[in-house]
1. Taking the Cα centre of the chain as the origin and placing charges on Cβ (Lys, Arg +1; Asp, Glu -1), which of Cys514, Ile478, Pro173 is farthest toward the positive end of the dipole?
2. Which one, (i) 40.0; (ii) 47.3; (iii) 33.6, gives mean projected area of the Cα convex hull in nm² as derived from the coordinates shown?
3. Roughly speaking, to the nearest percent, how much of the chain's 1.4 Å accessible area is carbon and sulfur?
4. Would you mind working out the accessible area per residue for the chain, using a 1.4 Å probe, and quoting it in Å²?
5. If contacts are Cα pairs under 8 angstrom and at least 6 residues apart, what is the relative contact order of the chain in percent?
6. I'd like the distance between the alpha-carbon centres of the range 250-279 and the range 1-28, rounded to an integer number of Å.
7. Take the Cβ-Cβ distance between Gln163 and Glu429 as r, set R0 to 56 Å, and report the resulting FRET efficiency rounded to the nearest 0.05.
8. Cut-off under 18 Å on the C-alpha distance; same-chain residues fewer than 8 positions from Lys404 excluded. Which lysines are left, in chain and number order?
Amino acid sequence: MRTNAQAVVIGGGVIGCSILYHLVKLGWSDVVLLERDELTSGSTWHAAANIHGLHDSTNISRIQHYTMTLYNQLEAETGQSCGVFQPGSLYLAQTEAREHQLRLQAAKANLYGMNFHEVSRAEAEVLHPLVNFDGIRCIMYEPDGGNVDPSGVTAAYAAGARQKGAEIHRFTPVTATDQQPDGTWIVRTPKGDIRTEWVINAAGLWGREVAALAGIKLPLLPTEHQYFVTETIAEIEAMDRRLPSVADRDGEYYLRQEGKGLLVGAYEKDVRFWAEDGTPQGFGHELFADDLERIEDNMMRAIDRVPAVGNAGIKRVINGPMIWSPDSNVLLGPVPEKQGYFCCNGIIPGFSQSGGMGLMVAQWIIEGEMQYDMFAWDVARFGDWADAKFTKARVGDQYAHRFKIHFPGEEREAGRPVRTRPIYDTQKEKGGVFGLNYGWEHPLYFSKDVPDSAGFTRQPWWDVVGQEARTLRDAVGIIDISNFAKYRVIGPGAEEWLNAVFANRMPREVGRSCLTPLIGKRGGVAGDATVTRLADEEFWIVSSGMAERYQKRFYDAVPLPAGTTFESLTNTWCGFNVAGPQSRAMLQRLTNTSLDTADWPFMRSKRIEISGVEVMALRVSFTGDLGWELHCRAEDQQTLYTALLETGAEFGAVPVGSRALMSLRMEKGYGSWGREYSPEYWPQECGLDRLCRSDKPYLNSDAALANMAKPAREKMVLLELDAEDTETSNADATGGEPIFKDGVGIGRVSSGAYGYHVGKSLAIAFVKNASEGDRVDIMVLGRPHRATILSQPPFDPSGTRLRT
């Protein structure tokens, strides 16, 4: 066994072997995989191993499409069979919402050249004569869908890795992972130690235990999961072809051919957690006792849809463990607090994602960044706040609602609240309806009468949010922005360090602020921030709260100069944005500091008192209206909020939630992190190139400048959707909808919302081969909706309201 390696992968399941294969595929050969037992032990060997390409997330669809394509290539490359069966998959919609979901996916498939299209009932009955299609509104067909052999795929990855020089050691448990002073790791086993720059935790059911060896706590929890296989079914035995799988997600089961029978699996409401205190070390190829009564309701729905299931005997039942994260997505990426430690844990659709996931891990480790923005998978999306109680509640919810549609902007209640601010109860009393942002409860809107709901079409709260937005535009609104990330940099090297981190030049004058991008390894936009100079050696940074742990990697990449400190204030400071045409008059009642533009221009800041509370006040507003951000210590938040509400009442002020804020920023065409600002987009593609200086070095500046020297691949634009009296008239674009011009795909929506003040349905998108004024089709609800590319934002295009 080697004593030194570029990377050590811990875990010999399908994911660990895929990571090893892709590391060598991208050029590293000095890599080792350690498996405590036999390859496929744990949850890989008993997986149903279905494969499908389409997903609500565009990038996950790309990853799954890559994976499906890879299996046949892997067989040819290694000579090891992957047991690939691709008779296709049928997707059924029983409800209007499911039909919208499938039509959106079909539109995305058309844009990205994937094979997924609608078929008629007659065509579907030919494809799968055993299915009863009564009550089905829409049927989609994915010709490449199917399943693989779990052991065969794992063995093929392993063979491909070995062929290129990788080592695999079975029956070699890892007993310790010790980080050294230079940041490298020593991985200890009974067979010897390995020093490495990268530890990759792909330990599946033992992901928690392996992470704990390095002092890391991962929010993961296993559950039981069952499927059964029927005896031979005569109709199948008589066929000379394989039947397509059936995805009847409204029925909450999955079904495919297995041998000459059918395999049926379900995610039941009666969740069974397992190994809450830790996965037993001796567990390997064991299963749990059958408990089909638990999935009886799901089975009966499967029998109603495919009566042959009910007429066949049960050949075998598989009841085995699978391990989940709180949102059922993988925990992937370098642990921000541990140099050289990479996680890839909690994978559910492993055989649909194994290839793409291995590629993403290899790209991140070898090249410094993935080609896709996969924050939805990033381990940094959770922090210490995702404790055992939260994890159990969320995992239970995710399992029980595995096939429930995840609607745009949907908020789920399980496990909440986790973290609240001092004014949480006051906001609840005023009708606050809350969402979750990096563990924090934050108000979406305020209403005592309209509960939250989610869907592809406009919801009952649409009018409530509209009233908040219009009130702010007409008078003044008070927005809780406490969930924004806040940092303070102090010391003689503060300016030098910030200039080395961010693309823009830092303010040289006390009281000035600047907007600045944070650049990723490939030269894309990894973040955006407002940086304010509060004193000669003190700066304040405000950025996305959701991205705080993610962006820690970038801040840590640049060493702090001697005597300079960087401190997060997100937990200890809160904030409000007071905005609207009456915001100046309202705030002036509460402070002796002049708020006149002559004394306080746009993008300037001061430390002032508001009703006796010391605040850091910054004249800026994401609403695009006149306004100030007021940041105060958490212990002063209630006092400040009370003063704002009481004084604001005279000026017509109302509390405003984040959904109205999203509408207001759309009226100005403002980009937002995670939507328009992403490592996938070059600065000039999202309008931030003017903020990237060419006269100073900064983090990843070479990559940014190289990209900015090239023509933009696509451009960020603002679109107005026609007010049509059609099926899509009661819906707005939300993000991800494909855009076509004269039948040719030209881009996709990144954000969308109704602009209540301007009375227009709006979308921000990235397009190519299109110009201002062009007429295009946005696939709202998967159907074409006419829209126009705007030349300027519909609200205050000159910025007069913002600056005067």
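1. The one lying farthest along the dipole's positive direction is Cys514.
2. Computed from the coordinates, mean projected area of the Cα convex hull in nm² corresponds to (iii).
3. Roughly 47 percent of what the probe reaches on the chain is carbon or sulfur.
4. Value for the chain: 36 Å² per residue.
5. Values: 1874 pairs, mean separation 93.0, N = 804.
Value for the chain: 12 percent.
6. 30 Å
7. That pair, Gln163 with Glu429, gives E of 0.30.
8. Straight-line reach from Lys404, under 18 Å: Lys269.
The values are calculated or read from the model by the stated rules, or taken from the named source; none is laboratory data. As the structure is a computational prediction, the values presented were derived from the model and not from experiment. Here Cβ is always computed from backbone atoms with ideal geometry, including for glycine, and neighbour counts include all displayed protein chains. For accessibility, only protein heavy atoms count, side chains too; no ligands or nucleic acids. Shrake-Rupley method; radii C 1.70, N 1.55, O 1.52, S 1.80 Å.
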